[in-house]
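Visitor: The following block contains the structure, expressed as structure tokens.
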Amino acid sequence: MTPEVTRRALMLGSVGVAGTAALAGCGGEAASDEDRPVRIKASDTTLFQPNFNPYSGQALQGASGLIYEPLQVVTAMDIENPEQWLASDLAWNEDGTVLTATLRDGVTWTDGEPFDAEDVVFTFRMMRDYPAANTAALSIVDVVAVDSLTAQITFEDTTFAQEATIGALPIVPEHIFSAFEDPAAEQVEVPVGTGPYKLDRFSDQLYTFVRNDNHWIAEEFAAKHLAWPSYTSQTMATAMQAGDIDWAGDFIANIDKIFVEKDPEHRGHWYPGNGIFNLTFNLEKELWQDLELRRGISLAIDRQELSDIAMLGYVDVPHPTALPRPTFEEFIAKDLADQEFVFDPEEAERVLDKAGYERGTDGIRTGPDGVPLSFSLQIPSDYNDWVIATQVLDEQLRRIGIEFTPQGVSFEAWTENRDMGNFDVTLSIVAAGQGPWFMYRSMLSSRHAPDEDGRVFANFQRWYDEETDELLNAFAATEDETEQTVAIDGLQRIVADKLPAIPIITAPNWFNYNTKYWTGFPSEENPYALGSPVNGPDRLIILRRLTRTAS
């Protein structure tokens with residue numbers, strides 16, 4: 001729903017000369033159909049740093065899913081049909097507090113060590129003992145190995161609803177990660193996984209994977225090589241136009257003209273709603289706790305203009321419940337289904353006047369403490385759509401006496417400030433996840449409170465509310481669909497009425513593909529997975545389906 005690179009040389013629009021041979025053959029030899037890699041653009045970064053630790057915030061794309069595998073694979077496009085992966089079975093006790101994972105026999109790590117229950121025990125205890133690794137905020141009490149192929153995970157609370165999250169977590173090797181002082185922070189340069197791919201070569205502008213031929217279903221992955229070149233958003237359009245990339249997850253302005261029209265037989269895109277862009281206030285600061293201030297700001301935002309200009313109309317405006325449409329439209333409460341955000345700057349002025357936010361001589365309103373409502377709105381400078389959106393947003397809000405001046409920073413700086421609460425206002429994305437509960441939990445749960453360092457990994461506005469937590473817990477404590485519907489209904493109303501964050505744009509799952517060399521990508525006509533290569537489970541599903549395009 002993420003979303004910084006300088007170029008030191010050019011190769012067909014972006015990758016350095018040293019990367020040309022690697023892209024052609026993933027090893028320097030002449031290119032052939034057998035060796036041609038799937039060329040993937042999944043992240044923006046100045047220069048790649050060699051870190052394949054799937055529990056690090058700086059992990060390179062592909063580490064999760066392709067190198068380190070999950071117990072279960074499930075896509076948001078087909079949540080009802082998960083596929084067992086490292087686990088052959090997952091079973092709950094009656095109370096939903098103990099999950100028994102029966103593991104697949106005969107799996108080995110790429111260094112030849114056998115995979116067993118001790119690896120699962122270590123991974124989940126790591127999450128319990130190192131909060132930075134527990135990004136899903138699971139209430140893990142303990143994990144034990146019943147035998148070499150059976151692990152039992154005990155949770156403090158009823159956790160039925162979390163099965164998809166638990167199953168998707170990457171399992172790491174106990175015999176390697178146990179030697180790390182802080183396994184969640186360790187920089188892993190040479191990864192050892194169980195997955196269908198392993199690291200082949202690494203440079204700061206290109207890294208490549210080679211198929212793990214000892215994988216239990218290696219023959220089902222036709223692509224023997226994967227190439228991950230670095231591109232900036234600025235150079236991305238040139239590379240797309242030249243056909244240098246097979247698979248990308250980026251916003252590209254005028255995508256049809258720049259990309260599709262150059263080869264309409266093979267090129268396409270699909271952008272289903274997969275989350276929400278939120279205008280995110282730091283609610284630990286007293287100013288932003290004022291609902292009337294947040295409501296006045298919301299009334300002054302023309303979301304249609306934001307979508308038309310920043311997203312070129314690719315996505316619809318968000319719903320007040322923050323549930324992305326059409327992905328979660330069926331879950332919106334009937335009496336809220338026709339509700340839309342109101343754009344009324346005159347009413348916004350009245351709300352702010354009544355709440356005591358007076359205009360100064362320069363036209364900028366001031367807070368109760370006399371401080372002007374003029375703030376920097378930090379965003380990653382390389383995210384073109386975000387840059388444009390914040391420029392439009394600033395123009396809209398200046399009309400009612402509030403300044404949110406866009407401040408472009410590196411992706412790393414933006415992430416650090418967002419996670420540590422070093423901001424007044426920023427943009428953040430909440431992903432749709434596997435269903436409305438997952439989305440609302442990530443957006444609103446107080447389980448995502450700051451760790452001992454003051455860092456959060458979700459709920460970036462730091463909304464801590466007893467009623468919200470009760471509704472989230474009520475959903476998780478039952479498998480009764482009627483009771484779960486009541487809980488989701490209540491959460492919708494909190495989002496719509498209390499504005500813990502302000503939805504401004506529907507966040508699409510950016511996905512551009514080129515089938516000149518590889519066929520089988522998902523599409524609107526065949527939506528078997530989310531297409532962006534940043535989605536760990538989905539890229540595993542997609543690579544398993546890709547085949548070479550017939551010449």
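Visitor: Out of T366, T415, report the one residue that is among the hydroxyl-bearing types (S, T, Y) and at pLDDT 95 or above.
Guide: Checking each option against the conditions leaves just T366.
Visitor: Next question, about the same structure. Could you list, in sequence order, all residues of the stretch 373-403 that are of a type in the set (S, T, N, Q) and closer than 22 Å to N417 by Cα? Steps first, please.
Guide: Step one: list which residues in the stretch 373-403 are of a type in the set (S, T, N, Q), which gives 374, 376, 378, 381, 384, 390-391, 396.
S374, S376, Q378, S381, N384, T390, Q391, listed by residue number.
Visitor: Out of the residues in the stretch 194-230 meeting the condition of being more than 22 Å from the chain's Cα centre (by Cα) and of a type in the set (G, A, S), tell me which one is surrounded by the fewest Cβ atoms within 10 Å (Cβ to Cβ).
Guide: A218
Visitor: Moving on. Could you count how many residues in the stretch 384-406 are surrounded by fewer than 16 Cβ atoms within 10 Å (Cβ to Cβ) and not in a helix (DSSP H, G or I)?
Guide: Of the residues in the stretch 384-406, 2 are surrounded by fewer than 16 Cβ atoms within 10 Å (Cβ to Cβ) and not in a helix (DSSP H, G or I).
Visitor: Then there's this: Tell me whether the stretch 110-133 contains one or more residues that are surrounded by fewer than 19 Cβ atoms within 10 Å (Cβ to Cβ), under 27 Å from the mean Cα position of the chain (by Cα) and within 19 Å of G65 (Cβ to Cβ).
Guide: Within the stretch 110-133, none of the residues are surrounded by fewer than 19 Cβ atoms within 10 Å (Cβ to Cβ), under 27 Å from the mean Cα position of the chain (by Cα) and within 19 Å of G65 (Cβ to Cβ).
Visitor: Considering only residues that are out of contact with any Pro (no Cβ under 9 Å at 6 or more places or on another chain) and closer than 13 Å to H266 by Cβ, look in the stretch 231-254 and name the one that is surrounded by the most Cβ atoms within 10 Å (Cβ to Cβ).
Guide: Checked the stretch 231-254; the qualifying residue surrounded by the most Cβ atoms within 10 Å (Cβ to Cβ) is M240.
Visitor: Kindly check whether there is at least one residue in the stretch 490-505 that is of a type in the set (S, T, N, Q) and either at pLDDT 95 or above or open to solvent by 30 Å² or more (accessible area, probe 1.4 Å) (or both). Walk me through how you get there before you give the answer.
Guide: First pass over the stretch 490-505, keeping only residues of a type in the set (S, T, N, Q): 492.
Add one more test, that the residue is either at pLDDT 95 or above or open to solvent by 30 Å² or more (accessible area, probe 1.4 Å) (or both), and what stays is 492.
Yes.
Visitor: Which residues, counting only those in the stretch 366-383, are touching a strand residue (DSSP E or B) at 6+ places or on another chain (Cβ under 6 Å) and either open to solvent by less than 40 Å² (accessible area, probe 1.4 Å) or not in a loop (DSSP other than H, G, I, E, B) (or both)?
Guide: Going through the stretch 366-383, the residues touching a strand residue (DSSP E or B) at 6+ places or on another chain (Cβ under 6 Å) turn out to be 366, 372-379, 381.
Residues satisfying the conditions are T366, P372, L373, S374, F375, S376, L377, Q378, I379.
The values are calculated or read from the model by the stated rules, or taken from the named source; none is laboratory data. Just so it is clear, the model here is predicted, and its values are computed rather than measured. Positions of Cβ are backbone-derived with ideal geometry, glycine not excepted, and every protein chain shown enters the neighbour counts. Each accessible area value is taken on the protein alone, full model and side chains, heavy atoms only, with ligands, DNA and RNA left out. Shrake-Rupley method; radii C 1.70, N 1.55, O 1.52, S 1.80 Å.
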